[in-house]
Amino acid sequence: MSLPSPHRRAGLLAAVLTSLALGACAKEPGAALPRIALAGDRVMVAGLSSGAYMATQAHLALSDRIHGAALVAGGPYGCAGGKLETALGTCMKGEPAPDVAALVRQAAARADQGAIAKLAHLAGDRVFVLHGRRDATVAEPVARAAAAFYEGLRAEVPALSSLTVTWDGDRDFPHLLPTADGAAPCESAAPYLGNCGYDAAGAIFAALYGAPPRPAASAEGTLIAFDQRPFAPAGKATELAEEGRLYLPKACAEGASCGVLIALHGCQQNVETVGEAFVRDAGFNRWADVYGVAVLYPQTHASLAPLNPKACWDWWGYTGADYDTRGGAQIAWLANVLDALKR
């Protein structure tokens, strides 16, 4: 995840300006987002690092539309409280540890106020929390707090007895999304994918959608570049890239009823930074063919104002104080995309 420390801002300036200059020379954004026969009960979200924080925000805010979440190297909903300093300390290093009980109470209050969906919508959802033992960026207690947060919701709300939470923290990998193949070493470096002998994408699909009906082969669908700009909520700056990606299995393109997995990259893992490494090589696409699920790959971009030089998702408030609610710019954008996908 590696959020920008205030002490490192000057050092990041040149890299960000280079990224923005390259973006200015980029090609025109892609085509319109295609429509599919969307199976609304099969919409899930998964994310790595800042994408994991965004995944839990989207899950809580839109649990009437998103029915499960996989969090890799991320912490609990509401952790940062709109403060970058808290994000860098409590929510990454666990110093001090997140106050899970307080975060559960806050989520319940927000649900009562309508800022996020009613907590009862989480009934029957599956939550998978994955953390590598060698992760030096997000501390293990922070990731454990993510699992404890969902368990706290289950204890708080009687209707959530069917909410299942799975913790997996015994695997030997650093701060990245591990794969079972590929030439990239199992090291925490761009593009934050590494052959660690573990297929995290396959495990995420199994955790959220159940056991696979068959083994996964190579991806045979189509990766589509689409224009992200039309889905911005009125009056809000999403701070997203102009172009996103959608992986469409053949069956989905031919009209079969399909689910959607929203796959959220981590910081410095967006297309503008690492090319299409994450959207092609993370492993989600080949499993999408097996499960009959399209994969939505929203894309962020780097900026100096607001300060987000590493193209992280907004999990500390750079798009506004309502960033982790239904009114947040990026969450409202995502809701608009789900609307647009449905045929």
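When its C-alpha radius of gyration is set against 2.2 N^0.38 Å (N residues), region 32-148 gives a value of 1.09. Dipole size of region 207-286 about its Cα centre, with +1 on Lys/Arg Cβ and -1 on Asp/Glu Cβ: approximately 300 debye, rounded to the nearest 20. Solvent-accessible area per residue in region 101-227 equals 44 Å², computed with a 1.4 angstrom probe and all protein chains kept. Take every pair of alpha-carbon atoms less than 8 Å apart whose residues are at least six positions apart; their mean separation over the length of region 61-114 yields a relative contact order of 28 percent. Between Arg134 and Ser162, the simple spin-label model (points 7 angstrom out along Cα→Cβ) gives 4.1 nm. The solvent-accessible area of Asp41, taken with every protein chain present and a 1.4 Å probe, is close to 110 Å². Carbon-plus-sulfur accessible fraction, the chain (probe radius 1.4 Å, protein heavy atoms only): 52%. Where a ≥ b ≥ c are the square roots of the eigenvalues of the C-alpha gyration tensor, would you call region 125-273 rounded, which needs a/c under 1.5, or, failing that, prolate if a/b is larger than b/c, or oblate? Since a/c stays below 1.5, the shape of region 125-273 is classed as rounded. When nucleic acids and ligands are ignored and a 1.4 Å probe is applied, Lys236 ends up with an accessible area of around 80 Å². Rounded, prolate or oblate, given the Cα gyration tensor of the chain, with a/c below 1.5 counting as rounded? Judged from the Cα gyration tensor, the chain comes out rounded (a/c under 1.5).
Its relative contact order, with pairs defined as Cα atoms under 8 Å and 6+ residues apart, puts region 201-343 at 28 percent. Accessible surface for Asp181 stands near 90 Å², nearest 10, in the context of the full protein assembly shown (1.4 Å probe).
Per residue, the average separation of C-alpha pairs within less than 8 Å and at least 6 apart gives the chain a relative contact order of 24 percent. Ala39's amide H: which non-local residues (gap 5+, or another chain) put their own amide H closer than 5 Å, with H modeled 1.01 Å from N in plane and none for Pro or chain starts? When sequence neighbours closer than 5 places are left aside, the close amide H contacts are Cys258, Gly259. With 22 Å as the limit, the listed pairs Lys93/Lys310; Lys250/Lys310; Lys83/Lys118 have Lys250/Lys310; Lys83/Lys118 beyond it between alpha carbons. The phi-based Karplus calculation (6.51 cos²θ - 1.76 cosθ + 1.60; θ = phi - 60°) puts the 3J(HN,Hα) values of region 242-250 at 5, 10, x, 10, 9, 8, 10, x, 4 Hz, whole numbers, x for Gly and Pro. Of the residues Thr273, Thr179, ranked by 1.4 Å probe accessible area with the largest first, the sequence reads Thr273, Thr179.
Taking a ≥ b ≥ c as the square roots of the Cα gyration tensor eigenvalues, with a/c under 1.5 meaning rounded and otherwise prolate when a/b beats b/c, else oblate, which class fits region 143-214? It comes out oblate by the Cα gyration axes.
The values are calculated or read from the model by the stated rules, or taken from the named source; none is laboratory data. These figures come from a predicted structure and were not determined experimentally. As a convention, Cβ positions derive from the backbone with ideal geometry for all residues, glycine included, and neighbour counts pool all protein chains shown. Remember, those area values only see protein heavy atoms, side chains included, never the ligands or the DNA or RNA. Shrake-Rupley method; radii C 1.70, N 1.55, O 1.52, S 1.80 Å.
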